[in-house]
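J.: So that we are looking at the same thing, I have put the structure below in structure tokens.
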Amino acid sequence: MRAIVICAAALIAMLASAAHAQGPADLAGMLPDAAEKTLTQRFIQLFLLVTVLSMAPGVAMMATSLPFMLIVLSIMRQGVGLQQAPPNMLLVSLAMFLTYFVMEPVFKEAWAAGVAPYVDGRLGEDAAIAAAIAPFKAFMSARVSPVAVETLMSARGEALMSGAETPLAVLAPAFVLSEIQRAFEIGFVILLPFLVIDLLVASILTAMGMMMVPPAIVSAPFKIAFFVLTNGWIAISGALVRGYG
């Protein structure tokens, strides 16, 4: 985890440094008063830095397997019939640790290719950012749906040439959409056994004439017992991790 924090901090520092280096030169001719120019430039630089710092965690999470893990685990909890067990914080923490388990090779590659050379002064800002993003682009390209890429490219009025690299502006949202689609497909399969239990319990209660008894209350212990006996959390978490192999 320390490597992730250091890697994220270095990337944020590179982006902030790039914004600091480019901001004054680009805005020098746009501000009329020289006395107010410096103050306005500093304000814009501070605004860009705060924006990068606030968006960096969300952007970093969207380029990993976290959305997929979190959606599947949430659907699994809903299938068991428990709304607050495990609580949201514990569920997000589990998804983050599984994401770290999956993304550790990508983090190490990004650190070795971009962040470490930049910290040592062997790469410039632009080259270091490109080298650090390359492993994430390779990871996303291996998981992205061609339909999502084609849809977003057509929405831009462009066509992706055969063998051409997908632009990052298209690859990132296409990857997130693909992960959400895949998570709901797996969630559908996970919900089927619990749906069968609900139907069986509802049929038995109807046959016994117990119309006023909510089927969800009666089926909850059976679903929990089924989930525990099958080692549900371990089995599904292992399947999610192996899916990225």
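J.: Does PHE188 satisfy the criteria of being open to solvent by 70 Å² or more (accessible area, probe 1.4 Å) and within 33 Å of the chain's Cα centre (by Cα)? Don't jump to the end; show me each part of the working.
T.: Details: open to solvent by 70 Å² or more (accessible area, probe 1.4 Å): yes; within 33 Å of the chain's Cα centre (by Cα): yes.
So PHE188 fits the description; yes.
J.: Just to be sure, is GLY232 modelled with pLDDT under 85 and open to solvent by 40 Å² or more (accessible area, probe 1.4 Å)? Give the derivation first.
T.: Numbers: modelled with pLDDT under 85: yes; open to solvent by 40 Å² or more (accessible area, probe 1.4 Å): no.
The answer is no for GLY232.
J.: Report yes if some residue within the range 191-210 is within 28 Å of the chain's Cα centre (by Cα), closer than 19 Å to MET76 by Cα, loosely packed, with under 13 Cβ neighbours inside 10 Å and free of Cβ contacts under 8 Å to residues at least 40 places away in the same chain; otherwise report no.
T.: Initially, the range 191-210 is screened for residues within 28 Å of the chain's Cα centre (by Cα), giving 191-194.
Restricting the remaining residues to those that are closer than 19 Å to MET76 by Cα gives 191-194.
Then keep just the ones that are loosely packed, with under 13 Cβ neighbours inside 10 Å; that gives 192.
Narrowing further to those that are free of Cβ contacts under 8 Å to residues at least 40 places away in the same chain: 192.
The answer is yes; a qualifying residue exists.
J.: Restricting attention to the range 211-229, and to residues there that are of a type in the set (Gly, Ala, Ser) and crowded, with 17+ Cβ neighbours inside 10 Å, which single residue is nearest to the chain's Cα centre (by Cα)?
T.: The initial filter retains those residues of the range 211-229 that are of a type in the set (Gly, Ala, Ser), namely 216, 219-220, 225.
Applying the additional criterion that residues be crowded, with 17+ Cβ neighbours inside 10 Å yields 219-220.
Details: SER219: 33, ALA220: 31 Å.
So, considering only residues that are of a type in the set (Gly, Ala, Ser) and crowded, with 17+ Cβ neighbours inside 10 Å, the one nearest to the chain's Cα centre (by Cα) is ALA220.
J.: Name the one entry in VAL119, VAL80, VAL106 that is out of contact with any Pro (no Cβ under 9 Å at 6 or more places or on another chain), within 23 Å of PHE139 (Cβ to Cβ) and not aromatic (Phe, Trp, Tyr). Reasoning before the result, please.
T.: On the way: VAL80 fails: within 23 Å of PHE139 (Cβ to Cβ); VAL106 fails: out of contact with any Pro (no Cβ under 9 Å at 6 or more places or on another chain).
One residue alone meets the criteria, VAL119.
J.: What helices (runs of 4 or more DSSP H), lying completely within the range 1-96, carry at least 2 residues that are surrounded by fewer than 17 Cβ atoms within 10 Å (Cβ to Cβ) and modelled with pLDDT under 80?
T.: Numbers: elements: 2-27, 34-62, 66-80.
Hits in the range 1-96: 2-27, 34-62.
J.: When the residues of the range 161-185 are filtered to those that are without any contact (Cβ under 8 Å) to a residue 12 or more places away in the chain and part of a helix (DSSP H, G or I), which remaining residue is least open to solvent (accessible area, probe 1.4 Å)?
T.: Result: ALA169.
J.: For residues that are closer than 25 Å to LEU66 by Cα and either open to solvent by less than 50 Å² (accessible area, probe 1.4 Å) or of a type outside the set (S, T, N, Q) (or both), tally how many sit in the range 103-160. Full working, then the answer.
T.: Filtering the range 103-160 for residues closer than 25 Å to LEU66 by Cα gives 103-116, 128-153.
So of that shortlist, the ones also either open to solvent by less than 50 Å² (accessible area, probe 1.4 Å) or of a type outside the set (S, T, N, Q) (or both) come out as 103-116, 128-140, 142-150, 152-153.
So the count comes out to 38.
J.: Continuing with this model, one more query. For the range 129-160, which positions are over 22 Å from MET61 (Cα atoms) and part of a loop (DSSP other than H, G, I, E, B)? Talk me through it step by step, then tell me what you get.
T.: Step one: of the range 129-160, the residues over 22 Å from MET61 (Cα atoms) are 147, 150-151, 153-160.
If the condition is that a residue be over 22 Å from MET61 (Cα atoms) and part of a loop (DSSP other than H, G, I, E, B), then ARG156, GLY157, GLU158, ALA159, LEU160 are the ones that fit.
The values are calculated or read from the model by the stated rules, or taken from the named source; none is laboratory data. Computed from a prediction, not measured in an experiment: that's the story for all the values here. Neighbour counts run over all protein chains shown; Cβ positions are idealised from the backbone, glycine included. Surface accessibility is based on the protein's heavy atoms, side chains included, excluding ligands, DNA and RNA. Shrake-Rupley method; radii C 1.70, N 1.55, O 1.52, S 1.80 Å.
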